[in-house]
1. Counting Lys +1, Arg +1, Asp -1, Glu -1, what net charge surrounds SER201 among other residues with beta carbon under 10 Å of its beta carbon?
2. Kindly state, to the nearest 0.05, the FRET efficiency for SER153 paired with ASN286, given R0 = 60 Å and r defined as their beta-carbon distance.
3. How high is the FRET efficiency between ASP680 and SER642 when r is their beta carbon distance and R₀ equals 30 Å, given to the nearest 0.05?
4. Net charge around VAL66, counting only other residues with Cβ within less than 15 Å of its Cβ (Lys, Arg = +1; Asp, Glu = -1)?
5. If we restrict to alpha carbons, what Rg and Dmax does the stretch 556-660 come to, in Å?
6. Post the alpha-carbon centroid distance, the stretch 238-300 to the stretch 534-598, in whole angstrom.
7. I'd like to compare 572-580, 395-403: which one has the highest average count of other Cβ atoms within 10 Å, and what's the full order after that?
8. Starting with the highest mean, order 652-661, 352-361 by the number of other Cβ atoms within 10 Å, averaged over the residues of each peptide.
Amino acid sequence: MHRHCRLLSLVGLGLLLSLPLSTSAQLSPGGAARPAGLEALAGPDAHFLRDDAGHLRSAYGMHLAVVGDDAPSRARKALELYGARFGALADALALGRVTQTSGLTVVRFHRQLDGLAVQARGAVVRLWPDGQVESIQARFGTAARALPDARLSVEQAQSVVRSDGLRFRELQLLGVRQAALDLGDRVARVFVIEAQDGERSSTRVEAYVDAHDGSLLLARPLVQEALGRVWDPNPVVADGMTSDVELQDLTSARFLTGRYVRVSSCSATGSSCSAAQRAMADSDGNFLFDPVDPSFDDPFAEVNVYFHVDRVARFFRDRLGFGWTCCGDTGVIEAIANYTETPGLAFENAFYSPASCGRGECPFLAMGQGMKDFGYDGDVIYHEYTHGVVDLVSSIVGFDIDPRRGVHYEPGAINEGTADYFSGSVTGDPEMAEYFTGLGGSFGAEGALRRLDNSMSCPNDLFGEVHADGNIWSGATWDVRGIVGPDEGDAIVFATLVDFPDNPDLTRAGETLLATAAAFEGMGRIDAGQLSAIQAAIETRGLVGCDREVPLDDGEIHRGYSGNDQITGSLGANVAPLHYRIDVPADATRLTLNIQKLTFAGRYGLYLRVGEPALFRSTRRPPLVADGEFPSTSEVVLDASSELPLPRCQTLYIGIISEDLTDVGQSIYQLQATLERSGDASATCPEPLMDAGVADADVALDAGLAEDAGSDAGADATASVGGGGGCGCRVSAASGGRPLLGLFGALALAGLLWRRRRA
């Protein structure tokens with residue numbers, strides 16, 4: 001019953017696209033009068049979505065005429081007039097990137113507070129070809145008018161990072177800047193200090209130090225794991241046969257330097273990789289080397305990397321109008337083959353390293369030499385190049401803070417899924433990185449590392465880690481490609497990427513994808529039947545109202561990820577990214593929750609709450625507000641006589657704390673719920689008790705959210721406040737620096753464990 005009620009409380013996105021906005025909601029949150037006639041001026045095809053607090057979070061399908069000399073001025077004028085409806089103030093927004101794609105123009109703004117950029121917060125305005133505003137999305141974040149004063153100097157902030165060491169053997173500080181970081185309940189003034197381990201570029205991180213109290217808030221990884229003779233696209237698909245192909249766009253007659261890419265090999269020094277071009281043309285000007293794998297000085301790998309980087313660069317340039325840039329200027333992408341950092345020691349990864357414009361350094365791709373050469377698989381190269389595209393046209397940090405559930409990694413999953421999508425689209429093959437089959441981390445694929453033609457959906461198939469959960473997004477976008485064809489599919493997915501709000505989760509990504517498809521239908525590029533099919537595909541993937549509450553009703557074993565020790569272990573207070581729930585029927589007699597580690601690390605506590613999710617409070621110990629707390633456990637049994645009685649006819653929510661995360665490191669667990677039932681068809685629900693609630697729950701916050709929703713949260717509201725959402729009874733019984741792992745990193749080798757198996 002609760003599940004059905006919850007779905008009703010989240011008004012389906014499909015209904016929002018077919019029903020007009022209710023005219024009963026005429027006041028903005030807090031009761032202030034709206035700017036005159038937004039709904040009327042937006043046109044009859046406009047659709048509106050709200051956040052939990054009642055603010056508009058996005059409006060699509062509008063035909064809103066605003067004055068201005070160009071796209072940025074019209075976009076800013078729209079925000080001046082209507083930004084308050086979205087929680088955004090135009091005078092606190094700085095102009096970012098302006099991108100034109102498929103006839104649409106997307107203008108991105110970044111939130112400013114006391115002159116500092118607030119990370120992953122801002123607004124995005126998209127305009128039709130005729131200059132009218134088609135959509136507005138905003139994620140302004142926590143309300144704050146000023147930042148706390150800085151009590152630390154730059155030198156003191158750097159000392160904080162030095163004293164922590166970030167678990168580096170040889171900490172090297174590269175640069176520092178000030179910014180603002182939205183922590184969910186406050187906005188902090190921070191020093192952002194770029195650092196790495198010695199000369200190892202693959203370890204680059206940004207450390208965030210609170211400028212007011214001197215605490216190290218987190219360390220965010222910056223690298224993202226991703227006529228010559230080549231593998232086309234990799235040794236498996238090519239059936240072991242190399243191809244002699246024309247190397248296009250070369251500007252050097254001797255080395256692999258071209259108009260769009262320059263390829264070198266790595267000369268490992270013991271602490272870094274010194275780039276040197278080893279592959280040299282023969283007397284005929286050709287680069288015809290035979291593959292040698294494994295090898296740390298294989299010229300074939302350089303040729304292969306050049307061919308595939310040039311191919312994917314041409315794909316984005318010719319099909320989607322995207323040109324590579326370095327710190328705002330047109331540039332050549334650097335790519336390194338045979339990458340390693342210690343002579344003779346395998347480097348089991350491929351990665352994209354973003355630009356550091358303050359130090360004048362351009363981004364680059366690195367293809368590691370491991371048990372297999374990552375530069376041998378074109379799919380891997382296309383994937384890593386796409387990470388660079390995402391970095392340049394969108395604003396995705398990779399993690400975010402849900403003030404009610406804690407840190408999660410869905411933005412990173414969107415990034416990984418997008419990289420997989422375009423990798424597959426370059427070749428038209430849904431199988432990803434066949435050369436790495438059998439090395440682990442296949443995330444559901446058979447005969448490949450991952451597959452785009454998967455059937456994964458939210459929330460059942462969530463794992464909590466970016467590469468695994470990226471399958472849901474890549475599968476949804478591949479569905480779109482199948483519906484409208486490769487050309488329009490690529491255009492829709494790219495336009496969606498450009499129009500993403502800052503740091504989207506799966507729900508926001510799905511909404512943007514559907515809204516972009518609707519814009520293409522409005523321009524006559526797809527028809528109504530195709531739009532309807534896209535909507536159905538998005539709904540099938542569970543992206544409408546997707547949340548991080550995995551149902552345990554099926555009795556299956558579900559596997560999950562603890563979260564990163566530097567991010568979940570600090571900002572997230574060790575609370576695992578995923579939460580779980582189970583509907584307890586009337587005839588239930590006993591419920592057993594069993595959690596086991598599947599890696600060396602892993603010690604867990606289970607926190608149970610009746611009627612709504614365990615509430616995340618980073619400053620509370622333990623950081624989950626719950627009705628039942630079971631630290632350091634492997635099994636919890638609930639029945640009629642347990643301290644927390646089995647909550648028949650209600651929904652039980654489960655949160656997990658990874659207790660050894662900061663000490664031992666990230667881990668993988670499996671969780672299973674075994675429900676015993678009497679089979680008594682006449683069993684009835686117990687009499688409701690008075691709502692005892694949780695004694696130390698943050699009632700003030702819940703009440704504040706409800707008040708904020710105000711009379712403006714009318715018929716177009718998409719979610720009710722709180723996990724219970726008013727569905728059923730709310731009866732509870734009270735009771736007594738390692739970076740995120742890369743595409744093919746160590747966690748990926750354990751990644752097969754994420755797949756659910758039948759109990």
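Since every read-out is calculated from the coordinates, none of them should be taken as a lab result. The shown structure was predicted, so the numbers you read here are calculated from the model rather than taken from an experiment. Cβ: placed from backbone, ideal geometry, glycine included. Neighbour counts: every protein chain shown.
1. The answer is -2.
2. 0.55
3. 0.90
4. 0
5. Every Cα atom of the stretch 556-660 included, Rg and Dmax give 13.7, 44 Å.
6. If we compute the Cα centre of each part, the gap is 46 Å.
7. Ranking, from highest mean packing down: 572-580, 395-403.
8. 652-661, 352-361
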